[in-house]
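*Asks:* I'd like to ask some things about the structure below.
The values are calculated or read from the model by the stated rules, or taken from the named source; none is laboratory data. Remember, predicted model here, so these are calculated numbers, not experimental data. Here the Cβ positions follow ideal geometry from the backbone for every residue, glycine too, while neighbour counts run over all protein chains shown.
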Amino acid sequence: KIIIVDFGSQYTQLIARCVRELNVYCEIIPCLQPFVPDSGVKGVILSGSPASVNDAAAPSWDIPMAAARVPVLGICYGAQLMARDFGGEVARSKIREYGRASLQHPDPEEPLFRGVSASSQVWMSHGDSITRLPDHFGVAAITNDIPVAAFKSTTAAAYPLYGLQFHPEVTHSTEGKKILENFLTAICGCSRNWTAAAFVAETVNHIREKAGDRKVIMALSGGVDSTVAATLIHKAVGPNLYCVFVDNGLLRKNEFDQVLDSYRHMGLNIRGVDASALFYEKLRDVSSPEEKRKIIGGLFIDVFQAEAEKIKDIAFLGQGTIYPDVIESVSVNGPSATIKSHHNVGGLPEKMHLQLIEPLRFLFKDEVRRIGREIGVDEAILERHPFPGPGLAIRILGAVSPEKIALLQEADDIYIRSLKDSGNYHQVWQAGTILLPVQSVGVMGDERTYEYTAALRAVTSHDGMTADWAHLPYDFLAKVSNDIINRVKGINRVVYDISSKPPATIEWE
Ligand code: XMP
C-alpha cells in the first residue's frame, strides 16, 4: 500500500482517488501521525497544503525517517517541505502561480516521466517556490516560469526522493495520472492488484481477526453504505453479526417490508423493530426542522440501545462510515482532527463500551458500489438515491402526522416509480416529494376542492454539497402531476422546485 500524508490540501482526496484508480491501495494519514514502518508500505506521497513552509506554525512530518525505508513523492507543499528539510531553500514567489503551465523534462530516461510527452500541460497552484535545491538533489523538469518544476535525489536517502511543484492529481494536469502511475510502479514497485476482490478478501480477514468469535451489532438503513458494510462484516463473522432495522414511520411507502425482505434474502441476521408509534407521538405538534432532527436522532439511539441490550455480550458496533464522512481535516493549528460518524448512534460506543468496525472508512461512494457489486449486493440497493436519516419528517413542512405521512408516501411513490419507469431515475442524484402546508382551491369534476400542494424535487450533483435542479422533461412532469392529483386524495396541486444549491438546499427543511 501507499501512505498519503495529508497537510490539509483540498486535493488530498483526489490523490487517493487517482492511486486507487490505478488499482493500488492507499491510506491517508494526517501529518500529525508519524510514519509507522510496516512491510506492506511501498511508498509515501506528501500532499499539498494551504500553509507556507516558512510559517511559524507550518505543518511538518519526519520525511527522512520515511525515506530511510521507502520512496517518497512530495507534491507542491510536500515537495517544498522535502526541499527545505534536506537543506534547500523556499521563498515567497513574486507572483502567485496559479493555473496551466507547460512541463518540460530534460532527461528522456527519467522513470518518473516515462511515456509523458516532452511538453505536457500541468496545473500549478502555489505562492512559494523552491529557490535552492539541497545538495545531492537535481532538477528533473522545468516550466517557462519556474526553474524547479520537479526534482529528484537518488543519493540523499536510502530510497529515491521526488518532488513535483505542480498537482499531478488534478485532471487539468493532462498526463498527471501517468506520472503517478510511474511513481507507483517503476519507483515504488507496487503491483497494480488492488481490485474489489482483493479488498474484500483482505477486509474480511481483517474483521475476522479483530472480532474473533465476539458479537457485532449494527443498525441498517437500507442505504448503500450500511448494506455493503454489513455484508462484509457478515462474511467475516456470520451469525455473530446482529443487524437492527428500525421503522421510524418516516420511511417511504412499503420500504420497511421491502428492505427487510431483501436483507433476509441476503442471509443477514436482521431484526426489524416497528417504533413508528413512538416517533409519531414525540413528533406531534413539532414544526421546527432542527427540533424534529433532534427528536428523531435521540429516539433512534434509545430504540437501538434497547435492542442492543437484549443481546448479551456485544463487543463491537459496525458502521457504514465512508471516507467523505470522516472529516479528518488536518488543521494547520494542531491536533484537532474532527471525526463525524454518519450514523445516528453518536455516543453509543462509549456508553456501551463498544469498539467500532468500519470496513468502508477509506472508500469513496463509487468504490463502495464496486465492492457491493463484487459481493453480490442487490443492484436496486447499490443504485439507490440518498435518503436522509430523519426521512419524510423533514419533507413535511410544519408538524408531522401519520395522515400527512401517508399522503406524502402515496405521492412520493408515484413520483419515484415514474422516474424509474421512464429511465430518469439514474439521471438524477436525488429525488423526493415535499408536502407543503399550503391548501389551495381546485376543481375536480363539478366539485370545488381545497387541498394540499406537493412539490417535486430532483437534483443533479456529485456529492450533495452543491446541486442543480434536474431539467426533467415537461412531458414527464406533466404525467407525474396528473397521476398524483388524480390518485392521491388530499393533493390538488403539484409544483416543481427549480432552485439550485446554493442558495437553496436539497431538502426543504
Ligand atoms: P441539504 O438539504 O443540506 O442536503 O442540501 C444534502 C444531503 O444531505 C441529506 N440530508 C440529511 N441526511 N440527516 C441525514 O442523514 C439529515 O438530517 C439530513 N439533512 C439533509 C439530504 O437528503 C441530501 O442528500
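*Asks:* Quickly run through the range 238-286 and pick out the residues that are crowded, with 21+ Cβ neighbours inside 10 Å and free of Cβ contacts under 8 Å to residues at least 12 places away in the same chain.
*Replies:* Residues satisfying the conditions do not exist here.
*Asks:* Separate question: Give me the pairs, please: first residue somewhere in the range 446-472 and assigned by TED's automatic domain parsing to the domain that holds Val488, second residue anywhere and of a type in the set (Asp, Glu) and within 16 Å of the ligand (Cβ to nearest atom), beta-carbon distance under 6 Å, and either six or more positions apart or on two chains.
*Replies:* Between residues of the range 446-472 that are assigned by TED's automatic domain parsing to the domain that holds Val488 and residues that are of a type in the set (Asp, Glu) and within 16 Å of the ligand (Cβ to nearest atom), the close pairs are Ala455/Asp497; Arg457/Asp497; Thr460/Asp468.
*Asks:* Next question, about the same structure. I'd like to verify a number: residues in the range 293-329 that are part of a strand (DSSP E or B) and closer than 30 Å to Cys26 by Cβ, how many?
*Replies:* The initial filter retains those residues of the range 293-329 that are part of a strand (DSSP E or B), namely 314-318.
Filter once more, so that each one left must be closer than 30 Å to Cys26 by Cβ: 315-318.
Of the residues in the range 293-329, 4 are part of a strand (DSSP E or B) and closer than 30 Å to Cys26 by Cβ.
*Asks:* Continuing with the same structure: Val90 fails exactly one of the following numbered conditions: (1) farther than 22 Å from Leu184 by Cα; (2) assigned to a loop (DSSP other than H, G, I, E, B). What is the number of that condition?
*Replies:* Tallying (1) farther than 22 Å from Leu184 by Cα; (2) assigned to a loop (DSSP other than H, G, I, E, B), Val90 fails exactly one: (2).
Residue by residue, here is whether (1) hydrophobic (A, V, I, L, M, F, W, C); (2) over 19 Å from Asn492 (Cα atoms); (3) away from the ligand (no atom under 12 Å from the Cβ); (4) part of a strand (DSSP E or B) holds:
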{"site": "Ile434", "(1), (2), (3), (4)": "yes, no, no, yes"}
{"site": "Gln439", "(1), (2), (3), (4)": "no, no, yes, yes"}
{"site": "Gly442", "(1), (2), (3), (4)": "no, no, yes, yes"}
{"site": "Glu451", "(1), (2), (3), (4)": "no, no, yes, yes"}
{"site": "Leu456", "(1), (2), (3), (4)": "yes, no, yes, yes"}
{"site": "Val459", "(1), (2), (3), (4)": "yes, yes, no, yes"}
{"site": "Gly464", "(1), (2), (3), (4)": "no, yes, no, no"}
{"site": "Leu472", "(1), (2), (3), (4)": "yes, yes, yes, no"}
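*Asks:* Further, regarding this structure: Surrounded by fewer than 12 Cβ atoms within 10 Å (Cβ to Cβ), in a helix (DSSP H, G or I) and under 26 Å from the mean Cα position of the chain (by Cα), is that true of Glu290?
*Replies:* So Glu290 fits the description; yes.
*Asks:* Follow-up. Consider the range 115-150. How many of its residues are assigned to a loop (DSSP other than H, G, I, E, B) and aromatic (Phe, Trp, Tyr)?
*Replies:* Filtering the range 115-150 down to residues assigned to a loop (DSSP other than H, G, I, E, B) leaves 115-118, 133-137, 143-149.
With the extra rule that they be aromatic (Phe, Trp, Tyr), the set shrinks to 137.
Here the count works out to 1.
*Asks:* Conditions: (1) more than 16 Å from the ligand (Cβ to nearest atom); (2) touching a strand residue (DSSP E or B) at 6+ places or on another chain (Cβ under 7 Å); (3) modelled with pLDDT of 90 or more. Gln319 meets all but one. Number of the miss?
*Replies:* Condition not satisfied by Gln319: (1).
*Asks:* For the range 390-412, indicate whether the set of residues that are over 24 Å from Ile491 (Cα atoms), touching a Gly at 6+ places or on another chain (Cβ under 9 Å) and away from the ligand (no atom under 16 Å from the Cβ) is non-empty.
*Replies:* no
*Asks:* Looking at the range 151-180 only, could you name the residues that are assigned to a loop (DSSP other than H, G, I, E, B), over 18 Å from Gly99 (Cβ atoms) and in contact (Cβ under 8 Å) with a residue 12 or more places away in the chain?
*Replies:* Thr155, Ala156, Ala157, Ala158, Tyr159, Pro160
*Asks:* Something else about it: Being β-branched (Val, Ile, Thr) and more than 16 Å from the ligand (Cβ to nearest atom) is the filter here, so list the residues in the range 413-432 that pass it.
*Replies:* Ile414
*Asks:* Consider Ala197 against the criteria (1) in a helix (DSSP H, G or I); (2) surrounded by 17 or more Cβ atoms within 10 Å (Cβ to Cβ); (3) in contact with a helix residue (DSSP H, G or I) (Cβ under 8 Å, 6 or more places away or on another chain): it satisfies all of them except one. Which criterion is unmet?
*Replies:* (2)
*Asks:* Continuing with this model, one more query. State whether the residues of the range 463-476 include one that is touching an Asp or Glu at 6+ places or on another chain (Cβ under 8 Å), buried (at least 16 other Cβ atoms within 10 Å of the Cβ) and under 25 Å from Lys253 (Cα atoms).
*Replies:* Checked the range 463-476: at least one residue is touching an Asp or Glu at 6+ places or on another chain (Cβ under 8 Å), buried (at least 16 other Cβ atoms within 10 Å of the Cβ) and under 25 Å from Lys253 (Cα atoms).
*Asks:* Which of the residues that make up the range 494-503 are under 22 Å from the mean Cα position of the chain (by Cα) and either in a strand (DSSP E or B) or within 8 Å of the ligand (Cβ to nearest atom) (or both)?
*Replies:* Once the filter is applied, which keeps residues that are under 22 Å from the mean Cα position of the chain (by Cα) and either in a strand (DSSP E or B) or within 8 Å of the ligand (Cβ to nearest atom) (or both), the range 494-503 yields only Lys501.
*Asks:* Right, next: Can you find even one residue in the range 21-29 that is surrounded by 20 or more Cβ atoms within 10 Å (Cβ to Cβ), among the aliphatic types (A, V, I, L, M) and within 25 Å of the chain's Cα centre (by Cα)?
*Replies:* yes
*Asks:* Any idea which residue in the range 100-114 is surrounded by the fewest Cβ atoms within 10 Å (Cβ to Cβ), counting only those that are assigned to a strand (DSSP E or B) and touching a residue at least 60 places away in the same chain (Cβ under 8 Å)?
*Replies:* Per the criteria, the residue is Arg100.
*Asks:* Kindly provide the set of residues from the range 59-74 that are farther than 23 Å from Ser191 by Cβ and assigned to a strand (DSSP E or B), ordered by number.
*Replies:* Gly74
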